Amino acid sequence: MRFDYFVVPFCAGFGYLIIVLLFTYGRWINELGEGAALKIFKSLLTRKTLLASREVFQECLVHRKVFRVNPLLGYMHMSLALGWFLLIVIGKFEASYFTGEFTNEFYFPIFFRFFELSPHRTFTLQFFNALMDFLLLFILSGVALALYKRFKSSAMGMKNSTKHTSGDKWALALLWMIFPLRLFAESLTAGFAGNGSFLTQPLGNLLGMILPVRMLATPVWWGYSIVLGGFMVALPYSRYMHIPTEILLIFLKNWGIKPKDSISGMAFFELYSCSRCGICIDRCQLNPAINKKNQMVYFLRELRAGNEVTQMAHNCLLCGRCQEICPVGIDLTNLRTISRKQKDNAHIHSSSYPSIPMHSFSTKVLYFAGCMGSLTPGIRKSMETILEVSGEKYLFLDKEKSYCCGRPLKLAGRLAEAEKVSQNIKEAIVSSGANTLVTSCPICYKSFKDDYKCELRVLHHSEYLLELIQGGMISIRSGNKRLVYHDPCELGRKSGIYTQPREILTKLGSLTNVEEAYGKSLCCGGSLGHLTISMEEREQIQKSTAEYLNQDNPDCIATACPLCKKSLTKFSESPVKDIAELIAENLIKSNYKDHKTKKSNLAEAVRIDT
Amino acid sequence: MGRLYERLCEDLRCLEGLKSCMNCGVCTAICPSAEFYRYDPRKICDTVQRADDESIEQLLKSDTIWYCGECMSCKTRCPRGNTPGLLIMALRKLSQEMGYFTDSEKGRQQFAIRRVIGDSILTTGYCMRPILVNPANHPEQGPVWEWVYNNLPEVMDKVGANYLKDGPGALRRIAPEVLSEINQIFQVTGGQDFFQLIEEFSKDKADEMCLDAGELGGDNAYFSEVYTKNSGNHH
Amino acid sequence: MSEWGFTVIQTNQSDMDQMDRGLIAKIGNAEPSIFWCIGCGSCSATCTAAQFNNFSPRRIIQAIRSGQVKDIMGEVNKCLLCGKCQLVCPRHVNTRNILLNVKQIMGQDAI
Amino acid sequence: MNKTIVIVGGGPAGLEAAAALGSSPHHVLILEKEHNTGGKLKNWHHLFPNFADASEILKSLEKSLPLNNSEIKYDCDVFKMEQMDGNLLVSLKSGEKIKADAVLLATGFDLFDAYKKEEYGHGIYKNVITSSELEGMFVNNSFPDQLKDGLPKKIAMVHCVGSRDKKAGNMHCSKLCCITGVKQAIELRKYLSKSSVYNFYMDLRMYGQHFEELYQEAQEDYGVNFIRGRVSEIAEISDGKLQVKAEDTLSGRPMKMIFDLVVLLIGMTPATSAASIAQSLALPKSGSGFLAPVHQHISANETCIPGLFLAGTCREPLSLQESITDARAAALKIIEWLKLKDNH
């Protein structure tokens, strides 16, 4: 048996880590909730697992998403993750090949060059040796970059990098020490044993000229083992917990496990998967003028530390820009929302919110403008005009009274209350017999689509209007106006509707693209999700977003959300219009008369009295 | 502009009492009643000024208009020369004429007033006589009053009042020809009809409440109900 | 002797010297925009919840400012947090945050 | 020595200043951007609080222009001014440049663009009009059909549209819309005797002579209703009828009401035409963007640029009477300043 006392710190650290991880993960898996076990069992032997494995490779080792943010940053992450991973795997192969047996002491590959002092003669062993040196160099280049990033983060496209806690700094110091120490230990050993390769051997020879290498080697191996063991002990308490957790998270996610509405189980997997890379910081529009150190990376850190986070949880636009770029793919806005959840929850007076009275609905299409629509009557009026011209029979659900879809309460973390409020509308929709529900408000849309779980088709008006155009129900004049489209958060990032509005707009004029569009689209500042931000601060965001969209002096800024329209109008030089308004302006009304004569075909808005 | 509003406008007290209120609230600030009741002369003026019949009807059927003590403090303060107190009088009159007064607890007390004071005027020529302050209905007067009440003739003699006797002096008996003159005045001016109206509306209400209202006086269930009932909701 | 329902009527007049300044001090600290309200009522007029019940953000702000804390018990829970009040306010008052603060400060009392 | 005084703007303030400068030996040049004088006054029918005929007033203002030393140039868009050897060089959009010894800015005001308050539906619903559009109807006697038939109509007057409103970016009180609302309510009641008019207000600022009396008259003699509450939104229901939502703050209840016509009382906002001039001279502005004088109390007509003066609504919302008084005060300051300049 190959043994030396210096392996003890490493073994102890490793053992400790395994116990802690088993205990922690066991607890979280236990909290996944009912049905999770069945779900995992059912998915285990399906394609989902393969897909998850691929994702683990792409994200945990190669860090594809980080590459997309900045290639140098991506290389830095990849060199550390993939490099270290390969160092372990290849090291194992090397040791196995050398000893001729697969099973050997688990620490043996790691301290291989300490135990195997004879210079390697065979080509294969020399190849392994060179490969290991190469990997070490690969990792060390990453460590050097990381060091450089500490001092100059802008070099990797990050205006701000994470301000770390002292615990994280300790773990970081240990991590950075591991590889230089390994280099030194191996070089010193190579200095007297000659078992090094292209990196370690010359360095060893060099050191041998000035240092008593034989005497120094063992203490440095001790140091290497201590640092390695120390890092593993520190790992569960530092941001490096993300290394093992992220792998599990990817599998669980692919198997269809979702976080519940409290910080437990799956939420912990997400929470501990945050590597505190800080990429989210720059994406946050509240940064840096309005508030510092409140971005997701800090929020998750406080949450993980079990600190009071109510204030932090509320100080967020919930725009989802950070989530879009998060390399780990954590459902960040959801974590923020569920942290807003109040203990005393269900105290809303549900009886105060009467349902939409049920008349005999004979229409197949329901139109729901949304409560914000009453502040942007241009959109409502345009939709009425378009629907009338199209000849579609429809019912305007909230023409006279505004009803709340419940999403504002949900975003504020008052889930039970949101449920109660939405119940009434849901009943009216379900029992209406209609097959299509069209809404002008992306917030309502998200709510109807994801939370209501109704049988009928739920469409945002941009989807519906495109259908009407494609189906020849309405025809529009094309123009040559230069348009810029602003993606509303709730429609784009949250609901994935990007193409339909653009398709409509290309029919109406020429669409100019801006850099921050699609998933990267800016928040208009109107954010329903941020409850504590002051109007002055909102206006800062509104102004900068409006200025950004106006950069190429378009003729008109198009959007598809009443709240975005309202927010951008004040500061925009060019007019801000909803897609429905643009269509209504360019509507060809030639068929209109035919419809008008057929009175029965006309939409009839039912008076809704309560 | 509704029916009730137009009827109010026929009342001189309304025309004089409410010209153009600008909702400054000084009447409410000075009002002794507003200090204790949920009573707000400003709001009443505003309601009437809006000429909305629905809310005027609500007002006429409520306890609110009966909280006013008609002290007319409001008249002295109003910067626009309005008199909410006069407006209240007009509202009360309309409430009596429409029969809405029976809808509220304080309004129903019109019946007791009609029976006690109304009867007293017509039969004796006096609004108020000591005999009307029955200790059973007025416990607040205490035991001394009860003794006085039981020994009224002797006490009156002792203090030198010409109590219910012919000739001059306080509380003397009113001559029959004078009494019939008073009755005639009531007949001609519509006072009798007005009393009759209150009687009729009250009797309807008494029937509705399954209480007997009697033909005269206060010795009946409806009278004692309206006289003594206090829901405790007046604040 | 008849049964008499005498009650001693409490004064309806508010004594501003005795007003409860605790809540306004705390809320004013957390959300100073409460002092900017001019009582125009546009919030209550646009309010989605107020269409169906007697909820009135303006009245709540007024009650807090004049220390009539009792009047707003249970009121804040009627808010649907739709944020339209803030969109129409001519003085940029963050009404939603005021209501959230009331809930937080008053805790169980606010129910 | 005779000097040139340029007056930018031929509205009431510009005309009155020119008239006041008539007795001086200086040459007065009025630069008017439209092709006739009178500014906003020419689109106004009757003036508060005494229903004086606006066209009569305009006529008398134009009549008092001195013939001997004044000149009016129409269709002149002034866009830039520079300081040059103690004088001011006025540049027109046409390319022409005029050297002036003194300049009086009487550029007036813009009316608030009511579409900016989209929730009120101006430009979306045909029966939502502005106070200035209503005045235009009175001037041209051209009322839409739905106002002619003599049936009872319900009309809402919405106060403070775009004024005292951070959302509209205007923190100032335009101060004249209150009395305009009262005046127009009376006019509507006179014109449509069966109509009822409701004024929705936050505060009624009846600061001027006879304003409060007119308010009282509106209530007593014309039965105009006043509801204290700011309108939050207007929605069109069937047949072009408009549902107005407000809180009746005095009774503490939210309310809705259906109207046939809604008149938005739009206020005065800083004139955009003055903005480029102010920018070229780095002239300071007040909070809302009106041109700022050196001292609000004691030198309200003077600016920090020597030889540049202000008169009328370019510096704050003013009534006609105040504008005219202000113009005269500015004229006096100009004469004083030119005298001082001569002595140096």
Average projected area of the Cα convex hull of segment B:106-228, in nm²?
-> 8.6
When the dipole is taken about the Cα centre of segment D:66-136, and only Lys, Arg (+1) and Asp, Glu (-1) are charged at their Cβ, what size is it in debye, to the nearest 20?
-> 100
For all pairs of alpha-carbon atoms in segment A:1-152, what percent lies in each bin of width 10 Å, listed from the first bin to the last filled one?
-> 9, 24, 31, 27, 9, 1
What order do you get for A:54-65, A:561-572, A:262-273 when each peptide is scored by the mean count of other beta carbon atoms within 10 Å, highest first?
-> A:561-572, A:262-273, A:54-65
Computed over segment A:46-240, the relative contact order (Cα-Cα under 8 Å, seq sep at least six) in percent reads 20
Which angle from 0 to 90°, rounded to the nearest 10, does the C-alpha axis of helix D:131-140 make with the longest principal axis of chain D?
-> 90
What helix-only [θ] at 222 nm does chain A give? Using -39500 (n - 2.57) per DSSP H run of at least 4, over all residues, to the nearest 500, the answer is -16500 deg cm²/dmol
Setting aside same-chain residues fewer than 8 positions from residue D:175, which aspartates and glutamates have a Cα under 16 Å from its Cα?
-> D:110, D:165, D:203, D:212, D:316, D:322
Rounded to 5, the percent of DSSP beta bridges in chain A classed as antiparallel = 10
Would you kindly compute the Cα radius of gyration of chain D and its largest Cα-Cα separation (Dmax), both in Å?
-> 21.7, 72
For chain A: rounded, prolate or oblate by the Cα gyration tensor [a/c cutoff 1.5] | prolate
Cβ crowding within 10 Å averaged over residues, with D:274-282, A:376-384 ranked highest first | A:376-384, D:274-282
Cα-centre dipole for chain A with unit charges at Cβ (Lys and Arg positive, Asp and Glu negative), debye to 20 | 500
Place a +1 charge on the Cβ of each Lys and Arg in segment D:114-268 and a -1 charge on the Cβ of each Asp and Glu, then give the dipole magnitude about the Cα centre in debye, rounded to the nearest 20.
-> 340
Hey, if you put +1 on the Cβ of every Lys and Arg and -1 on every Asp and Glu Cβ in the protein assembly as shown, which of A:62, A:484, A:95 ends up farthest toward the positive end of that dipole?
-> A:95
Here, the protein assembly as shown modelled as identical Cα point scatterers in vacuum has Debye log10 I(q)/I(0) at q = 0.06 Å⁻¹ of -0.75
Compactness of segment C:19-110, expressed as Rg and Dmax over alpha-carbon positions, Å | 11.8, 32
Mind checking the mean number of beta-carbon atoms from other chains within 10 Å of the Cβ atoms in D:166-179?
-> 2
Can you give the calculated 222 nm mean residue ellipticity of chain C, where each DSSP H run of n ≥ 4 adds -39,500 (n - 2.57) and the sum is split over every residue, rounded to the nearest 500 deg cm²/dmol?
-> -9500 deg cm²/dmol
DSSP-defined antiparallel bridges as percent of all bridges, chain D, nearest 5 = 45
Neighbour net charge for residue A:260 - beta-carbon separation under 11 angstrom, K R +1, D E -1 | -1
Quick one: work out the % antiparallel among DSSP beta bridges in the protein assembly as shown, nearest 5.
-> 35
Lysine-lysine proximity count for segment A:46-240, Cα under 19 Å, sequence distance 8 or more or distinct chains = 7
Take the alpha carbon gyration tensor of segment D:114-268, find the square roots of its eigenvalues, order them as a ≥ b ≥ c, and report rounded if a/c is under 1.5; if not, report prolate when a/b exceeds b/c, else oblate.
-> rounded
Compute the Kirkwood hydrodynamic radius of segment D:53-188, taking the inverse of the mean of 1/r over all pairs of distinct Cα atoms, and give it in Å to one decimal.
-> 19.2
Per residue of C:54-66, what is the mean number of Cβ atoms on other protein chains within 10 angstrom of that residue's Cβ?
-> 2
Would you work out the relative contact order for segment B:80-218, in percent, from Cα pairs under 8 angstrom that are 6 or more residues apart?
-> 27
Output ³J(HN,Hα) for segment A:40-45: one whole-Hz value per residue in order, computed from phi by the Karplus curve 6.51 cos²θ - 1.76 cosθ + 1.60 with θ = phi - 60°, and x for Gly and Pro.
-> 5, 4, 5, 8, 4, 9
Whole-angstrom gap from segment B:184-235 to segment A:383-419, using each part's C-alpha centre = 54
Peptide B:100-106, shielding by other chains (average Cβ, 10 Å cutoff) | 0
Take peptides D:299-308, D:105-114 and line them up by average Cβ neighbours within 10 Å, highest first, as a rough protection proxy.
-> D:105-114, D:299-308
Count of lysine pairs in segment A:477-588 with Cα atoms under 22 Å apart, counting only pairs 8 or more residues apart in sequence or on different chains?
-> 21
Using the alpha-carbon centroid of each, what span in Å lies between segment C:26-49 and segment B:15-32?
-> 28
Based solely on its DSSP helices, what 222 nm [θ] is calculated for chain D when runs of n ≥ 4 H residues each add -39,500 (n - 2.57) and the sum is averaged over all residues, nearest 500 deg cm²/dmol?
-> -8000 deg cm²/dmol
Cα gyration tensor, segment C:7-63 - rounded (a/c under 1.5), prolate or oblate | oblate
For segment A:79-92, take each phi angle, set θ = phi - 60°, evaluate the Karplus expression 6.51 cos²θ - 1.76 cosθ + 1.60, and give the result in whole Hz per residue in order, putting x for glycine and proline.
-> 4, 6, 6, 5, x, 5, 4, 5, 4, 5, 5, 5, x, 5
Under the definition of Cα pairs under 8 Å and six or more residues apart, what whole-number percent is the relative contact order of segment A:477-588?
-> 32
Select from D:74, D:27, D:147 the residue farthest towards the positive end of the dipole of chain D; place +1 on Cβ of Lys and Arg, -1 on Cβ of Asp and Glu, and compute about the Cα centre.
-> D:147
Over 21 Å, how big is the tail of the calculated P(r) for segment A:477-588, in percent of all Cα pairs?
-> 31
Using alpha carbon centers only, segment D:74-112 is separated from segment A:514-561 by a whole-angstrom value of 37
Projected onto the charge dipole of chain A (unit charges on the beta-carbon of Lys, Arg, Asp and Glu, signs +1, +1, -1, -1), the Cα from A:81, A:431, A:224 with the largest positive-side position is that of A:431
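Every number here is computed from the coordinates shown, using simple stated rules; none is lab data. Fair warning: this is a prediction, and the values are worked out from it, not measured in the lab. Every residue, glycine as well, gets a Cβ built from its backbone with ideal geometry; the counts of neighbours run over all protein chains shown.
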